[in-house]
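*Asks:* Mind having a look at this structure? Questions to follow.
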Amino acid sequence: MAPEQRDLIEEAIRRDEKLLIRWLTKKLGDSDAARDVAQSVFMRVWAFAETSTVENPRALIFKAAGNLALNEIKRRNRFYQRHVTPSESAEKDALHNVASTAPSPETHASLREDVALILNAIHALPERPRQAFMMNRFDGLSYKEIAKTMGVSESSIEKYMIEALKQLRNVLNAERTKGEKIVTFPPIPDRRRKS
Amino acid sequence: MKGNISQPIDDRAARWAARTLSGVMKPEEKTALAGWLEADPRHRQAFDSYVEITELASEAHDVAAAAALERELEVFAHERSSRWSWLVAAPAMAASIAAAALFFGAMTNSQPTPERYATARGETAVFTLKDGSAVSLNTDSVLEVNFSNEERSVSLARGEALFDVTRDAERPFVVSSATAEARVLGTRFNVKAMGESTIVSVLSGVVEVNAVKESVHRAADAAVTLIAGQETIFIPDSNKKDVRTFNPDAVTSWLRGKAIYENQPLSAVIADLNRYYTAQFLLGDDSLGNIPVTGGFDLKDQAITIEALEIALSLRAEKNPNGQILLLPNG
């Protein structure tokens, strides 16, 4: 690593270390875990800088922090899922809310095209199938738990899931068929997933 | 291809997908699903399209949630920087500058003589170097400072020191001990030289640690890069360069007149404590050396430390004619 590069990264880590730990502590409610995650963030940034040129280390630190904080939140969510019944733990509810941080449609614009397409499709689902799908897929709740929350039977949840799956899959298929009809010359390589 | 799948097959595939996502499939249901998937390639194809959308949805949600967290952190940083910018500024040593440092510098003009700082057993000192960097020197330590235009070189001849280094991109700050050399631009870290081994613990920033070339036969790639929260121990003739995390409170406890140990064998604790006291501890029985010790000790008052060892570990302390303190099993 070039000395200027090392310099830049050192400076950024030094400057943002406390801030990051404070934010992670607030997010995770646990200063030890916050320290661990901050540590991983810096290791990841450092490893990245070993092989690539970093122009804005702070942006890289924040990006890594977003990803690793999410991993930790998900990991904890699964942990609480298994060990705590939903009504018992306020802590789990807090995690639940964080994990459901579903961005609004206007923020989708800044994300990758395929990501935005799917998020918009989820947003466009009818209300109950959308709720059931998001609680099951993003919050890791069982059909039984969702049924309790929504005040319906488990078999209703299964019907909502079928409806959500079908509609989402059809949006994806439609998008792909649309792509296939576009003829370009010279042909551009297809980077989409094979169906 | 998609057009070839009939509505009934697709309906069935969606029902199976929803069953799978319930996470509570019975064994006989799993067998039935496997049979259905085997029966016809179109079954598999339809089912896979639902597996795929499920995975894509999770990926998309993760990307979006991570981006949302990233933005949240940006906002947090922005709020902090306007309100708390003075807190983010480089940490200054809170302790007052002690007068205990000895100064032998610049006796002659012909040769630059290194400044030399030393502490007696049981004594600590804090001082500021010419570049504004702060150094805290622990018990029984000797530090030589030799600044040039190219490099800020300090050498820890003995003992332990905590450095709070002022940033100077033009002149790296290099701390060397008998075995290791730590090179930094600006950061806070602790160096402990115990006999031939050296422990470097980084409290903030990044430090590159190298073996001192003459001291050990280490490969040229023996450099270790440590970031805040990591430490490494250098031992001569050892090629191990373990990087581990440490408890910052324990490593810097000496600044507060305490020694903190976490699950250390008594033999190591005694060796460490003996740095501070004139009356040296001695184990009366070798088998005592393995007793695990966790706890904090007062470095200012040996009597309190002796009492703590006696009570916590069921030991008996006896002063021998040489002035040493012999630790013996109680009863």
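Taken together, the values in this text are just the output of simple stated rules run on the coordinates, not laboratory data. All values derive from a computational prediction rather than experimental measurement. In this analysis, Cβ positions are derived from the backbone assuming ideal geometry, glycine residues included, and neighbour counts consider all displayed protein chains.
*Asks:* Where a Cα-Cα gap under 12 Å defines reach, which aspartates and glutamates qualify for B:LYS130, not counting those fewer than 8 residues away within the same chain?
*Replies:* In chain and number order, the partners are B:GLU115.
*Asks:* According to a simple spin-label model (label point 7 Å from Cα along Cα-to-Cβ), what is the distance in nm between B:GLU59 and B:GLU79?
*Replies:* If labels sit at B:GLU79 and B:GLU59, their model points lie 3.4 nm apart.
*Asks:* In nm, to one decimal, how far is the A:SER153 label point from the B:ASN330 one, both placed 7 Å along Cα→Cβ?
*Replies:* 6.9
*Asks:* Which ³J(HN,Hα) values in Hz, rounded to whole numbers, follow from the phi angles of the stretch A:18-27 under the Karplus curve 6.51 cos²θ - 1.76 cosθ + 1.60, where θ = phi - 60° and Gly and Pro get x?
*Replies:* Along the stretch A:18-27, the couplings run 5, 4, 5, 5, 5, 5, 5, 4, 5, 6 Hz.
*Asks:* Then there is this: For a quick check: sort A:GLU113, B:GLU160 by the number of other beta carbons within 10 angstrom, fewest at the front. It would help to have the intermediate numbers written out before the result.
*Replies:* Working: A:GLU113 9, B:GLU160 26.
So the ranking, lowest neighbour count to highest, is A:GLU113, B:GLU160.
*Asks:* Tabulate in residue order the Karplus-calculated ³J(HN,Hα) for the stretch B:272-281, using 6.51 cos²θ - 1.76 cosθ + 1.60 with θ = phi - 60°, rounded to whole Hz; enter x for Gly and Pro.
*Replies:* Couplings: 6, 5, 5, 5, 9, 10, 6, 6, 6, 6 Hz.
*Asks:* Further question: Looking only at the stretch B:115-248, where both bridge partners belong to it, what percent of the DSSP beta bridges are antiparallel (to the nearest 5)?
*Replies:* Details: 50 of 54 bridges.
Around 95 percent antiparallel, to the nearest 5.
*Asks:* Okay, next question. Given H placed on each backbone N at 1.01 Å, which residues far from B:ARG158 in sequence or on other chains put an amide H within less than 5 Å of it?
*Replies:* B:VAL142
*Asks:* Can you put B:HIS78, A:HIS123 in order of Cβ neighbours within 10 angstrom, beginning with the fewest?
*Replies:* B:HIS78, A:HIS123
*Asks:* Place a +1 charge on the Cβ of each Lys and Arg in the stretch B:115-248 and a -1 charge on the Cβ of each Asp and Glu, then give the dipole magnitude about the Cα centre in debye, rounded to the nearest 20. Working shown, then result.
*Replies:* Numbers: 15 positive and 19 negative charges, 41 e Å.
It comes to approximately 200 debye.
*Asks:* I would also like to ask the following. As a footprinting exposure proxy, order B:LEU288, A:LEU8 by other Cβ within 10 Å, with the fewest listed first.
*Replies:* B:LEU288, A:LEU8
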